[in-house]
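I have placed the structure first, in the form of structure tokens, so that the comments after it can refer back to it.
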Amino acid sequence: MPSGGENNSTMQPPLKESDEDKEASPLPCLPCCWICSKTNEDQSVLCHNCDISYGHAHIKCIVNQARAKNEKDYCNYKMATAVEDEKSLEIEYKSFKLMLEEPWLKCGRCGENYSGSTEKLLADEFFEYYKIRGGRDIRTCIAVFAQIKAHCWNLGKNRWSKQPYKKIQLFKQVVESNNQANEAEVFTRFKIQIENDIAACMSIAEFCLPPKTTPKPPEAACWICLDDEPDEHGESLERTCACRGSSGYCHINCIANFAAQKNTTFMQRMMTGMSMSADESSKELSVPWTQCPTCNQDYTGTFAWRLAVTFSFQYYSYPYNELRRQVSIETLSRVFLETSQYDMGIGALKKEINLIRTMRKELRTDGKIASGFWMDAGDLNTQKIEQQLHDDDTKYCLYLMGFYKAKGETKLANDVLRELKIMGVETFVTSDKPGVDGSLQFSIEDMLNDVKLSPDKSVKWRKAEIKRLTKEFGKDAPKILDHKFSLSQDLMQTKSVTEGIVLMFEVVGDATRILGPEHPKTVEYSKYTTMVTQSFSMSSGKKAPHSSNIIPPQTKA
């Protein structure tokens, strides 16, 4: 193991993202199906809200039960008295949709919605059953809407997809072109509501479209090596920051070498006696790997996580408590979470947690740590090292819990929380400085019982966090844009809908000014705001505030 000196080995080329992410297959049917009470080899799914022993059901059993209930409810509905009032029709349409959707998309045992791949699978079955009836049957319309929403909300780490948008466009054409003289009675009755739902689905599907990229200018070249061709590893020029025109393009290996050199210079300054807090030191080391030095904005997408992986490779063989190594692992975890690379993040965290627990075990058994794993090994303070390892174990377990929650693996997230409880952790705070305005204290027990943070408390915390980040990073930091956008969503939950929508438009304007109109974050904010204003207009019958000021999605500069 090398000591704290420089690693002079040739830098490995960054990892490349796989072409396809494999969807997790449904669970094998081992327990009894709660519908037919039988155990066989038929494909089954599991409701994540039910107990694992009772939540299994065969897909064919759910489909058969949903078909039978739909047919029965539809026949009974056709006998109902007609309603002419527009408001009453809207309420009746929503009830009708729920009547058809619930048997397919809600667990019959606990009444909770299915999620993830289970929701997509059952929504596909819902559509397959009704598609033969054609676009003028209201059941086909509702099945299409359910399928598109299920696929949009469960894209996983791929995040972008063109299929939902193509499908709703095609369906819209089918509905508009098929002007039959004798339309289905129920379809005619809810024609306006169906047209509104098609428009809403178009907005949702548009939100999932991959962002358009501007073609690289002919004069673009790497701002470090000044070459406009791929480098020796075959890596072409990339730009995922907020730079515009021909500036900001670079090779990922050039940036990695540039960042490593910046880290070396900083460590040399530290050795000369320069005083700096732990937070400031971490920022100085991580910024060259995560932020463009030209526009001072974060890298995004695949480029961001590949650069973070290179950062961790550069210093992983250093002693555990070497500052650059610790900062690289924290940066890797954060970037994996921000770019939705959940599986890779979980794998990296598990590896680090296992290393920590191996060192803790050695420390308890032999009173020492193997040579090369710790700096200043000649002057070990066993109690101090044990406390640092315990704190790091807790920190990385909380990161791991966050990854599981983001991935939708609630059971695994709760397992991590129980493990923390066994380790003696009862509460934790959201800031390294308990008591500051932007910190919140959480109880492990409350999290296990799924006690939600109230919207009012969340709004208060977001505002304090925005104030703290503005003071630390400046008002144009990307982190502040994210917090402001989350604050707008929290405001809407506290019934301050108008204030929330206005703030959304402000964030879109700020992102356009700071990051540029074609930046992925600007496009994401803009699409989501368009979708929210569409829903607001549909539900309230009013025009959304400042809706004329929004930047259209994917607008070119």
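Points worth noting:
- Segment 437-456 - residue that is in a helix (DSSP H, G or I) and farther than 20 Å from Glu426 by Cα and, of those, modelled with the lowest pLDDT: Pro455
- Among the residues of segment 186-220, those identified as among the charged types (D, E, K, R) and either assigned to a helix (DSSP H, G or I) or modelled with pLDDT of 80 or more (or both) are Arg189, Lys191, Glu195, Asp197, Glu206, Glu219.
- Test: residue in segment 307-330 that is charged (D, E, K, R), open to solvent by less than 40 Å² (accessible area, probe 1.4 Å) and in contact (Cβ under 8 Å) with a residue 40 or more places away in the chain: yes
- When we screen Ile91, Ile142, Ile138 for residues that are free of Cβ contacts under 8 Å to residues at least 12 places away in the same chain and hydrophobic (A, V, I, L, M, F, W, C), the only hit is Ile91.
- In the condition set (1) over 20 Å from the mean Cα position of the chain (by Cα); (2) under 21 Å from Trp160 (Cα atoms), Thr498 is compliant with all but (2).
- Take the conditions (1) open to solvent by 50 Å² or more (accessible area, probe 1.4 Å); (2) polar (S, T, N, Q); (3) closer than 30 Å to Glu280 by Cα; Thr512 misses just one of them, which is (1).
- Test: residue in segment 457-469 that is assigned to a helix (DSSP H, G or I), open to solvent by 70 Å² or more (accessible area, probe 1.4 Å) and either modelled with pLDDT under 75 or more than 30 Å from Thr512 (Cβ to Cβ) (or both): yes
- Given (1) surrounded by 20 or more Cβ atoms within 10 Å (Cβ to Cβ); (2) in contact with a Cys (Cβ under 8 Å, 6 or more places away or on another chain); (3) more than 30 Å from Arg136 (Cα to Cα), number of the condition Asp231 does not satisfy: (1)
- In a residue-by-residue description of segment 422-432, the property of being among the aliphatic types (A, V, I, L, M), loosely packed, with under 12 Cβ neighbours inside 10 Å, assigned to a helix (DSSP H, G or I) and at pLDDT 75 or above applies to at least one position.
- Of all residues making up segment 279-300, the number that are part of a helix (DSSP H, G or I) and in contact (Cβ under 8 Å) with a residue 40 or more places away in the chain: 7
- Residues of segment 264-278 classified as open to solvent by 60 Å² or more (accessible area, probe 1.4 Å) and outside any loop (DSSP other than H, G, I, E, B), total: 5
The values are calculated or read from the model by the stated rules, or taken from the named source; none is laboratory data. Please read all numbers here as calculations on a predicted model, not as lab measurements. Counting neighbours? That spans all protein chains shown, and the Cβs are built from the backbone with ideal geometry, glycine included. We work out accessible area using only protein heavy atoms, side chains counted, and drop any ligands, DNA or RNA first. Shrake-Rupley method; radii C 1.70, N 1.55, O 1.52, S 1.80 Å.
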